[in-house]
Amino acid sequence: MSMVSIIIPIYNAEKTIERCVNSILSQTYKDFELLLLDDGSTDASGSICDSFAEKDKRVKVIHKENSGVSDTRNQGIYMAEGEYLQFVDSDDWISPEATGFFLRAAAEHGCDMVIADFYRVIGERVAQKGTIEKDGILSREDYAAHMMRKPADFYYGVLWNKLYKTSIIKEYQIKMDTAVSWCEDFIFNMEYVRQIKTVYVLKVPMYYYVKTKDSLVSQGLSMKKTIEMKRMVFAYYNHFYKEVLGEEDYEKQKGQVYRFFLDIASDGNVSPLSLSGNYRLGDERTKVSEGIQEGEGIFFDLYRERKLLEKLFDVVALRNDLKAVDVKILYYLSYPHENCTLKEMSDILDISKKKINASLQRLLAREMIAEPKEEKGRERVKSGAAENQQEGKRKIRVKEYTMTQEAENILSETLFGLYDLEKIQYEGFSQKEIEMYEMLNEKRKENIKTALRI
């Protein structure tokens, strides 16, 4: 049994399905089954799906008559054999660490659902949704309170930024309501949350959302049918809060619950996110061009290793409201460096001294590091015959900063990420080969140190 079943309903998605599926097959976490459900496509979507299944045994393709996205997802749920369920839409894609992050959070915190932030893709620009303030556990009641404030927020309503337990879905027979053609994801989530105890929220965005959900107006529904649909969805919403809050608390907050009608006035459309602080698509994360990926020689090898490491720092930084350079410097400071000057630190990290100093100030302000009690920052450097030439000149030494508990937590998170990077690099190795490589690499590193001493 695969650990995760990833379900993608597909209808005439020949222009986007390859990007979507490739993002899943390139996940750092490998133990999943991918269910591609072709909902009666009339374009090349079906044959594209079949070609993926021929190349990768984790991919299962189902061709079916067109019955709509809700019924198609229900068939995927019925077929799923994984312990967890993850949903992806065919015109979106996910970041390489998404499934692994979901599973680690579920396992470490014993939560029934994991929810993550996401990117909103607008043409060639991308902006982080930014709903989540920090990682952490929410009770069912806490989650319901957050949702009450913003019931129409896609963060709460959609399927694709969440990880679900298959056992809960199947035990309580939770499924998409095929009678509803609007907010059906939202109803599914409410039914699921009714049966759980805790939710873990991830600050790091892991999903790229490009599809704009159809509104009731664009579906060609009459005004009467539109009102009926909204009332039906509200009935689910109202019942959810009566059960989660209890009668007494529900009566106190009934006015808040009825604000639902104000929040859904947009008919389910997602207004574009503010483009302030946005990125050009691809610049929001560390990236490596195809030319560099295929480049030969030691410089390309070293560069690719550095970029792979920077991807880790990017993710840890996003989760902790830091810059990637801050995480990189924290990790550097956690190892002995008393003989290094600031210039040498700059060379080692490939970061300018100006950026290092700015990062140190941010880390001090966040109280992640503390100044040493005795000032050791500047020392005169004397070296034999060159002593007179060095007189009056100073070299800035890197201080031995003290790490605070928050910094230690971030370093622990970084070490988990490094473990994932090792798994990527050792993929396809036997345990004996890994041990042999590590032994030889240690010898190689000692040879390099010896050569530099000469």
Let a ≥ b ≥ c be the square roots of the eigenvalues of the Cα gyration tensor of region 92-147; is it rounded (a/c under 1.5), or, if not, prolate (a/b larger than b/c) or oblate? oblate
Please arrange Arg19, Arg120, Arg231 by accessible surface area, largest first, computed with a 1.4 Å probe and ligands excluded. Arg231, Arg19, Arg120
Residue-by-residue Karplus 3J(HN,Hα) for region 312-318, coefficients 6.51, -1.76, 1.60, Hz, glycine and proline x: 5, 4, 4, 5, 4, 5, 4
Working from Cα positions, state the angle (0 to 90°, nearest 10) between the long axis of helix 98-109 and the longest principal axis of the chain. 90 degrees
If I model a spin label at Lys449 and Asp350 as a point 7 Å from the Cα along the Cα→Cβ vector, what separation in nanometres do I get? 2.3 nm
Accessible area (Å², per residue) of the chain, counting only protein heavy atoms and a probe of 1.4 Å: 54 Å²
Using only C-alpha positions, report the orientation-averaged shadow area of the convex hull of region 1-144, nm², one decimal. 9.7 nm²
Globularity index of region 158-202, i.e. its alpha-carbon radius of gyration over 2.2 N^0.38 Å: 1.15
So, taking all protein chains as they sit and a 1.4 Å probe, how much accessible area belongs to Asp56, in Å² rounded to tens? 30 Å²
Linear extension gain, Arg58 paired with Gln195, 0.36 nm per residue minus alpha-carbon span: 46.3 nm
Distance in nm between label sites at Lys423 and Glu338, each 7 Å beyond Cα in the beta-carbon direction? 3.8 nm
Please report Rg (one decimal) and Dmax (integer) in Å for the Cα set of the chain. 26.2, 94
Could you check how much of the accessible area of the chain is carbon and sulfur, as a whole percent, using a 1.4 Å probe? 51 percent
Once amide H atoms are placed 1.01 Å from N in the peptide plane, what residues at a sequence separation of 5 or more from Gly82, or on another chain, have their amide H within under 5 Å of its amide H? Ser5
Using DSSP to define loop residues, name the trypsin sites (Lys or Arg not before Pro) in region 129-217 whose beta-carbon has at most 13 other beta-carbon atoms within 10 Å. Lys134, Lys197
How tilted is helix 184-193 with respect to the longest principal axis of the chain? Cα atoms for both, answer in degrees (0 to 90, nearest 10). 70 degrees
Note down the magnitude of the dipole of region 1-112 about its Cα centre, charges +1 on Lys and Arg C-beta and -1 on Asp and Glu C-beta and zero elsewhere, to the nearest 20 debye. 240 debye
Sticking with the crude label model, points 7 Å out along Cα→Cβ, report the distance from Arg231 to Met439 in nm, one decimal please. 7.7 nm
Given an 8 Å cut-off on Cα distances and at least 6 residues of separation, report the relative contact order of region 17-85 as a percent. 36 percent
Calculate one ³J(HN,Hα) per residue across region 234-248 by plugging θ = phi - 60° into the Karplus curve 6.51 cos²θ - 1.76 cosθ + 1.60, and present them in order as whole Hz with x for glycine and proline. 5, 4, 4, 4, 5, 5, 4, 6, 4, 6, 6, 7, x, 4, 5
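So what is the relative contact order of region 284-357, in percent, for Cα pairs below 8 Å that sit 6 or more residues apart?
Relative CO of region 284-357 lands at 20 percent.
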Sort region 90-183 into rounded, prolate or oblate with this rule: let a ≥ b ≥ c be the square roots of the eigenvalues of the Cα gyration tensor; rounded if a/c is under 1.5, and if a/c is not under 1.5, prolate when a/b is larger than b/c, oblate otherwise. rounded
At 1.4 Å probe size, with no ligands or nucleic acids counted, give the accessible surface of Lys307 in Å², nearest ten. 40 Å²
Could you give the angle, 0 to 90 degrees to the nearest 10, between helix 353-365's Cα long axis and the longest principal axis of the Cα atoms of the chain? 60 degrees
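The values are calculated or read from the model by the stated rules, or taken from the named source; none is laboratory data. Being a predicted model, the structure only gives us computed values, none of them experimental. Ideal geometry is used to build each Cβ from the backbone, glycine not excepted, and the neighbour counts take in all protein chains shown. Just so you know, the surface numbers come from the protein's heavy atoms only, side chains and all, with ligands and any DNA or RNA stripped out. Shrake-Rupley method; radii C 1.70, N 1.55, O 1.52, S 1.80 Å.
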